[in-house]
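Working notes for the structure below.
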Amino acid sequence: MARVVVDVMLKPEILDPQGQAVQRALPRLGYQGIADVRQGKRFELEVEGPVDEAALARIHELAETFLANTVIEDFVVKVEESVAAGESK
Amino acid sequence: MTLDTVKHAAETPAVDQPWKELGLKQDEYARIREILGRRPTGAELAMYSVMWSEHCSYKSSKVHLKQFGEKAPENDALLVGIGENAGVVDVGQGYAVTFKVESHNHPSYIEPYQGAATGVGGIVRDILAMGARPVAVMDPLRFGAADHPDTKRVLPGVVAGIGGYGNCLGLPNIGGEVVFDPCYQGNPLVNALCVGVMKHEDIHLAKASGTGNKVILYGARTGGDGIGGVSVLASETFDSTGPSRRPAVQVGDPFQEKLLIECTLEIFREDLVDGIQDLGGAGLSCATSELASAGSGGMRVELDTVPLRDATLSPEEILMSESQERMCAVVEPGKVDRFLEICEKWDVIATVIGEVTEGERLEIFWHGEQIVDVPPRTVAHEGPVYERPYARPEWQDALQADDAGALARPANADELREQILKLVASPNQASKAWITDQYDRFVQGNTVLAQPEDSGMVRVDEDSNLGVAVSTDGNGRYAKLDPYAGAQLALAESYRNVAASGAKPLAISNCLNFGSPEDPAVMWQFAEATRGLADGCLELGTPVTGGNVSLYNQTGETAIHPTPVVAVLGVIDDVNRRTPIAFAEEGQLIYLLGDTHEEFGGSAWSQVVHDHLGGLPPRVDLEREKLLADILISASRDGMIDAAHDLSDGGVVQAVVESCLRGGKGARLVVPDGLDAFTFLLSESAGRAIVAVPRSEELRFTDMCGARGLPVTRIGVIDGDSVEVQGEFDLPLSELRTAHEETVPGLLA
């Protein structure tokens, strides 16, 4: 079974309050030198059957309509190497 | 792109500028050139274009809105009138209350959660800028058909956004409305209201005076959000058909707003500001030009000093950005250090970006070069004013002639029963608890009444129990049939709602939602509605304190119903004297106040049973509304009534069902002499309410009504566990509850 990863990030010009909160917390915790933090979401999809063009098109569609809010977010679809048989259900 | 300085603009008069892409008309662009005596710089063009937009300049509505000032009733309670961020009303005991309702319609359609959330944030900052602590919010909402798939996209997002932002701020959401109608498909209306409380001496105004005073921008950093058209300025190619580089959507941060509220209130307490303004639509362009034009001098701003979230922003974009959670203050030099100290304490970024200057120019610099040199009033207040043509649409006569009185009425008692069950279960009449339960209604511990009561009421003073009540109402169906009467009916209903809960109505705010002003029919609706509202406010003695106009709510040729939403604010000396809607005591008598006529035009019944809209809306009698309100307030104060519910859409039966379900008690009703059951139960005549009177108070109450000339009819008694209309039908409360409460979750959950 193959794994496809969808990374969803707020568009660069959109305010990211969570990322800002993390960034502000870092110096308080003694970590210097981090100028900015943007926080996103990562979806790992275990795909049944081959990850061919049709499957990717479907995933692209579901990412665009469901996983990401494309008004304010961008997303990237990546195929990861096959998961070892033992790990999958 | 080289920097377009004032000097450069003066030397290159022939440069082609993207005024059209920025939404300006040719004559408007010509006027800018005339005002400046040269072509505007890119930054100036950006400022003028956004400040002269319909949204900021009210260029189509201004000529009609001035009636609210001209016809304003004498009212000692009004401390600050139209024109400031929000009006301020004296509620006694040294307290003043400010409130305002605004629209955030278009952003909420594009991105429901953030659009609605930032709508709440914006109105809260308006109230804060007056010097008041925000104490409650309300949201009048309108969506397309309840079963339309897009409603299922928009509504949950809007509700979650309102709840999310308001809950994070710790502000109770005490009411509002939810209306469904296919006319709002693609143009949902998301209006937001905020109420704030302060002492008289704490009122602050938006003005920049005192040469040498510093201009401080504080709150969130400025980013590239909400910059619609200005992207054409920042890009090399002026391609109006290409997608905008920046989305017109902003994301809010309620925790930042909470810090801004507490920080600003502490700054007020130490009396550190001369003038203050929130940053909303048009961002810094608006704040600097409005502050400067309200003060005595000019203003000089170093735009490089504005803290940015995105270092690549151009000066035009910084001026236009609608990044949320920002405020602008004018501070005497000696107080700047303390101001910055308080901001630091609250973790709020604050930066001196400029100062008040002698002279009358707003001057903005970027890397040492001047990019803006304008008379601020020409940007903020002296924009174009249009006398748009308006004409009563041809179809208006046919619509009014299509009398709802001619519709088939129920043939027998069984049919009447079925139709009433259908009515109370219809999306517009059904319980909205699924929505309002998602809001925190009781945070801060001062909420006395909230939805589904007639008005939202909060306690203002914990010792004296002084309180204020607010209701928002609007009926687009009535307004479509007759915009003049429709606006007055919205006013009357809101006024009645406040009085029914025991509070004395003092002043109003309004949000006028209409289609395109370029359509003479829409402009006629707007002209009629504003005239109706101004006349109505004069007669009721409740001045308009401010509000907002939202035009272009239409898709293609189809405009929404004209939808003037009216918010009435009232005061109650002791919130313990409030009147709830619940029928809670068996044996108490149910009285109907006012006259019932056969009035079904625009009614809920005509919509639910016949999907019909035609005829004339109910007649308006504002003298009667005043009398009814006086009686309701006196009866509440003197303990003569234990419940009251205003009558509006759905008529007597809708109100009785709501009061019964709220109190968990049934009612036995008798059709009064001279009325048939159908008219009695379902007519929507205005100027009416039902009340529950303890038997011990019956004589005193009816005597008072009789002495003052208010028609009063005993229509039944609180009893049992059903709503029974003698000789007609019997509807068990359990059946009514299922019908009333399962509709909205069934459609949306």
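Between the helical axis of A:53-62 and the longest alpha-carbon principal axis of chain A there is an angle of about 40 degrees. With the cut-off at under 20 Å, measuring from each backbone N in segment B:661-677 to a point 7 Å along the Cα-to-Cβ line of B:Asp403 picks out B:675-677. Across segment B:376-473, C-alpha contacts under 8 Å between residues 6 or more apart give a mean separation that, scaled by the residue count, equals a relative contact order of 11 percent. Total buried accessible area between A and B, probe 1.4 Å, nearest 100: 1100 Å². Note on B:Asp703 and B:Asn75: their simple-model spin labels are 3.5 nm apart, each label 7 Å out from Cα toward Cβ. Helix B:283-294 axis versus longest C-alpha principal axis of chain B: approximately 90°, rounded to the nearest ten. Look at the stretch A:67-79: the mean tally of other chain Cβ atoms within 10 Å of its residues' Cβ atoms is 2. Distance between the 7 Å Cα→Cβ label points at B:Gln93 and A:Arg24: 3.5 nm. For chain A, the Cα gyration tensor yields ellipsoid semi-axes of 32, 18, 8 Å (square root of five times each eigenvalue, largest first, whole Å).
The stretch between B:Arg619 and B:Glu518, if pulled fully straight at 0.36 nm per residue, gains 33.4 nm over its current Cα-Cα span. Only residues of segment B:178-204 count here: report those whose backbone N is under 14 Å from the spot 7 Å along Cα→Cβ of B:Thr558, or say none. Answer for this model: B:181-188. Relative contact order for segment B:49-166: 20 percent, from Cα pairs under 8 Å spaced at least 6 residues apart, divided by residue count. What segment B:330-391 shows is 51 Å² of accessible area per residue, with the surface traced by a 1.4 Å probe over protein heavy atoms. Between B:Arg737 and B:Ala145, the FRET efficiency estimated from the beta carbon spacing at R0 = 22 angstrom works out to 0.35. With the charge dipole of segment B:543-621 set up from +1 on Lys and Arg Cβ and -1 on Asp and Glu Cβ about the Cα centre, the Cα lying farthest toward the positive end among the listed residues B:Leu593, B:Gln607, B:Ala567 is that of B:Ala567. In this structure, B:Glu418 and B:Val443 have a Cβ-Cβ separation that, at R0 = 45 Å, corresponds to a calculated FRET efficiency of about 0.60. For the protein assembly as shown, adding -39500 (n - 2.57) for each run of n ≥ 4 DSSP H residues and dividing by the number of residues yields -10500 deg cm²/dmol at 222 nm. Computed from the Cβ-Cβ distance with R0 of 30 Å, the FRET efficiency linking A:Arg42 to B:Val15 stands at 0.05.
Solvent-accessible area assigned to carbon and sulfur over segment B:247-332 amounts to 50 percent, based on a 1.4 Å probe. Between the helical axis of B:26-36 and the longest alpha-carbon principal axis of chain B there is an angle of about 50 degrees. For segment B:553-701, the fraction of 1.4 Å probe accessible surface lying on carbon and sulfur atoms is 42 percent. Compared with its chain on its own, segment B:108-123 contains the following residues whose accessible area drops by 20 Å² or more in the full protein assembly (probe 1.4 Å; ligands, DNA and RNA excluded): B:Ile110, B:Glu111.
Pairs exceeding 25 Å between alpha-carbon atoms, taken from B:Lys480/B:Lys504; B:Lys66/B:Lys214; B:Lys59/B:Lys214; A:Lys41/A:Lys78; A:Lys11/B:Lys100: B:Lys480/B:Lys504; B:Lys66/B:Lys214; B:Lys59/B:Lys214; A:Lys11/B:Lys100.
Using a cutoff of 8 angstrom between alpha carbon atoms and counting only pairs six or more residues apart, the relative contact order for chain B works out to 15 percent. Full extension of the chain between B:Ala311 and B:His367 yields a length gain of 18.8 nm, computed as 0.36 nm times the residue separation minus the alpha carbon distance. Show log10 I(q)/I(0) for segment B:26-175 at q = 0.13, 0.16, 0.20 Å⁻¹, two decimals, from a solvent-free Debye sum over equal Cα scatterers. Values, matching the q order: -0.84, -1.07, -1.20. Across peptide A:15-23, the average count of Cβ atoms from other chains found within 10 Å of a residue's Cβ is 4. For segment B:463-513, the alpha carbon convex hull comes to 77 Å³ per residue, rounded to a whole number.
Extension gain, B:Lys345 to B:Glu332, is 2.7 nm, computed as 0.36 nm per intervening residue step minus the present C-alpha separation. Taking all protein chains into account, the per residue accessible area for segment A:1-56 stands at 62 Å² (1.4 Å probe).
For chain B, the equivalent ellipsoid derived from the Cα gyration tensor has semi-axes of 48, 28, 22 Å, listed largest first.
The values are calculated or read from the model by the stated rules, or taken from the named source; none is laboratory data. The model shown is predicted, which means the values in this text are computed figures rather than measured ones. Heads up, the Cβs are rebuilt from the backbone with ideal geometry, glycines too, and the neighbour counts pull from every protein chain shown. These area figures cover heavy atoms from the full protein model, side chains too; ligands, DNA and RNA do not enter into them. Shrake-Rupley method; radii C 1.70, N 1.55, O 1.52, S 1.80 Å.
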